[in-house]
Each structure stands twice: as structure tokens, then as C-alpha cells.
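In what follows, a structure is listed as C-alpha cells, so that the remarks can point back to it.
Taken together, the values in this text are just the output of simple stated rules run on the coordinates, not laboratory data. Here the structure is a predicted model, which means the values were calculated and not measured. FYI the Cβ positions are ideal-geometry reconstructions off the backbone, even for glycines, and counts take in every protein chain you see.
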Amino acid sequence: MNAPALEPWQWPEPHWRALVNRVRAGRSLKPASWPQGAQFAVALSFDSDHETNELRDGGESIGKLSHGQYGARQGVPRILACLARHGVPASFYVPAVTAMLYPDEQRAVAAAGHEIGIHGWIHERNSVLPEAAERDLMLRSADTLERIAGVRPVGIRTPSWDFSPHTLAITREMGLLYDSSLMADVDCYELLLDGEPTGVVELPVEWIRDDAVYFNMNRFSGLRPYTPPEGVFAIFRRELEAAAEEGGVFQLTMHPHMIGYRSRMWILDELIRHARSLGPVWFATHAEVVRHALKSA
């Protein structure tokens, strides 16, 4: 007979310390200055989940799949047009299944000078995968994106920012430059694995700076955590202004099937305009920000 599991308040100190220290923020990599005499940096990103949000849970809802398809038919073209209008680069994190469904989209993104990063195979949850399966999917995802887009990814954003105890080790094993899934800071930092530096840089995310938190809904459970676009813009704007004041980086996560609606696209357009009104700003991909942070360390 198995002994009953201990409650967290019964854990011995070595156990909870090991959990806390498995993946930890190390040295800060906030640059003292930015390229082109900029006062601060802006790193825009888009998670092109499309249909994979439904597929990863074994879902077959035609309605939810069509919502994902909107991201490809309308969201990405609107986003690319906005970025081109302003001459601003961005990073797109793409599940391999999305890339296989929409190969021309990924080639268009890469041809426009934007970064394409790993975002899982089918938007799976890393924390429920066996280590071997997680490694296999990460490797196959990188290979698929390289084959389709013509560029080998150097960064990863785990689907749903779900990080297993093995994710960082696999990321380092693959030779990836950075991760963008964790939240221990607002500026770049080096990731530690069991207390040891890994050389992998974290460009942190935050749910505050994610459009899905404000625009997502689940109609069958009656949940509608909807925030008006004006309210979302106000939150993003304050985060942007604070980054400018601190001389740091403003990182933002958006989704084509969320931000890419006519009543919301103005948020992206206005944020870019507002950033330029705050002083000299460097718009860069996540990979460019990370490389500059490492060079300045």
C-alpha cells in the first residue's frame, strides 16, 4: 500500500527548495543603453495559435475551429499590414500544426523580416507530457518551422506559457538563444537550472501584457471576461510608459484571432504611435532584444 501523499505544509525544506530552484531567474541582463540612441525598446509578439487551441484538447468544435481560422484569414493580414505601415518588426510564435496548415502565411511573415519562433507542435501543454515526448515535439517543431519558413528558430515560447521541469534543459540542449514564457522580471535575465547558469536568456512575458486575458470567453460555461478595447489600451499604455520611463523593454503578447478584429486593431496602431511620442524608441524582434542584452552584459 502506498503511503499517503504529504500536504504542502508537511513538505520537508529540501523538497520545496528543490521545486523553487528548478528554474530560477539569474543575473539581470537589462542593457545600460539601446541601439540607435533609443531610450527604451519595444518587442511586439503574436502567437499564431489559429485552430490549434481547439485541436490540442482533442476538440472538434466547428465553431471554435472557425474562430482559429479567422486568425489566418483576417488577423495575420491585418497585423502584417499595420506593421508594414509603421515599418516595425515583430516576433511570431507558431505551432508546427499552424505552419503546416498555413505555410504561405509563415513564408510571408519571414519575407517581411519578422521573426518566427517555436510555439509547440499542436499547442500542447508541456507540463503533462513525458520528457521524451516533450523533447520530440520541440525538435520536430523546430525542424518543421525551418522547412516551411526557411529560417531556423532561435527562440521558444511554450504554448500557454506552460513550463515543465524538463523544458529548460531541452531548450538548452537544442541550442536555443532564448525563452519567452516566464515572468520573474520585466527585463531580460539569464535562466538558472538547479542553481546553475544555463546561458539561455529569458525575455519575460506577463498576463497583464496579453490580449487573450481581456478578450477571451467560454460561452458554454457562461464566462465572458471581456474588457472593452479602450480599457485594454489603457493597461498596455501604462505598461509602455513605465518601460519608457525606466529605460527598459516593453514586451507585448497578442493573438491574431484576438487582436485582429476591426474594433481592436487600433490598439496596436495607437500603441506604436504612442511609443514614438515618448522619445527615441527601438522596435525590435525578441531575438534582437536578447542579442543586444547579451552583448551589453
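The overall shape of the range 189-297, judged from the alpha-carbon gyration tensor, is oblate: a/c is not under 1.5, and a/b is no greater than b/c. Between amide H atoms placed 1.01 Å from N, distances below 5 Å from residue 117 occur with 92, 93, 94, all of them 5 or more places distant or on a separate chain. Inter-part distance, the range 231-293 to the range 84-135, computed on C-alpha centroids, equals 20 Å. What is the range 24-296's relative contact order, in percent, from Cα pairs under 8 angstrom and six or more apart in sequence? The value is 31 percent.
Each of 20, 50, 62 was placed along the dipole of the range 1-84 (beta-carbon charges, centred on the mean Cα), and the one lying farthest toward the positive end is 20.
Determine, for 172, 140, the number of other Cβ atoms within 10 Å of each Cβ, and report the residues in order from fewest to most.
Working: 172 15, 140 12.
Going from least to most buried by this count: 140, 172.
With +1 on each Lys and Arg Cβ and -1 on each Asp and Glu Cβ, how big is the dipole of the chain about its Cα centre, in debye rounded to the nearest 20?
Numbers: 29 positive and 37 negative charges, 145 e Å.
Here the size comes out at about 700 debye.
Given +1 at the Cβ of Lys and Arg, -1 at the Cβ of Asp and Glu and no other charges, the dipole of the range 1-147 around its Cα centre is 580 debye to the nearest 20. What shape does the range 28-138 take by its C-alpha gyration tensor, where a ≥ b ≥ c are the square roots of the eigenvalues and a/c under 1.5 counts as rounded, a/b above b/c as prolate, and the rest as oblate? Oblate shape, in that a/c is at least 1.5 and b/c is the bigger or equal ratio.
Can you compute the charge dipole magnitude of the range 241-288 about its Cα centre, using +1 on each Lys and Arg Cβ and -1 on each Asp and Glu Cβ, nothing else charged? Give it in debye, rounded to the nearest 20. Could the numbers behind the result be given before it?
On the way: 4 positive and 6 negative charges, 59 e Å.
Roughly 280 debye for the range 241-288.
Protection proxy ranking, highest mean first, for peptides 197-204, 20-27: 197-204, 20-27, where packing is the per-residue count of other beta-carbon atoms within 10 Å, averaged.
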